[in-house]
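Right, one structure below, let's go through it.
Taken together, the values in this text are just the output of simple stated rules run on the coordinates, not laboratory data. These numbers come from a predicted model, not from an experiment. No Cβ is skipped: glycine too gets one built from the backbone with ideal geometry, and neighbour counts run over all protein chains shown.
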Amino acid sequence: MRKRTKMVLWVYHCFSNVCCGRDLLVLIYIFSLFVTISTTGTLNIQPFQFPTNPTERTNIQVMCGLERGDLPVNFQWLKNDIVITKGSVYDILSSSSVSVLTVKNVTVKSSGNYTCSARSPSGVDLFTAELLVRGK
């Protein structure tokens, strides 16, 4: 807290005395470091898992939520590293801190590694879980 107070006083002193040239560049550099340090956080996705032994032709839902991180968050889902889009096979509902993926009418072909990707001002995080559907 003291470091912030000292910096604010120095910024006030610099602007009240009309900084220019090298002093202004130093001020901008230090201020950018301060802003970066004070706003950089960590984004963490809460681990999730698919149900074990899902039945074919049922809908499977999995929720990707944040444990920690700044809002807003942009979510994206991938299957085997390929982006998933909402449609006849998948439904995706996202809010500011949660995204729900529904895999409709699962079959053996639905099996794979599903990744939730979250991006926000505080960073990027990924979490991957395997869905394994066995045939009858």
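Counting Lys +1, Arg +1, Asp -1, Glu -1, what net charge surrounds ILE45 among other residues with beta carbon under 12 Å of its beta carbon? Spell out each step's value before the answer.
Numbers: positive: ARG68, ARG119; negative: GLU67, ASP125.
Once positives and negatives cancel, what remains is 0.
For the range 44-131, treating each Cα as an identical point scatterer without solvent, what Debye log10 I(q)/I(0) comes out at q = 0.16, 0.17 1/Å?
Debye curve over Cα of the range 44-131, log10 I(q)/I(0) at q = 0.16, 0.17 Å⁻¹: -0.58, -0.65.
Could you please report the charge total around VAL106, scoring K, R as +1 and D, E as -1 over all other residues with beta-carbon less than 14 angstrom from its beta-carbon? Write down the numbers at each step before the final one.
Details: positive: ARG57, LYS79, LYS104, LYS109, ARG134, LYS136; negative: GLU56, ASP91, GLU130.
Result for the local shell: +3.
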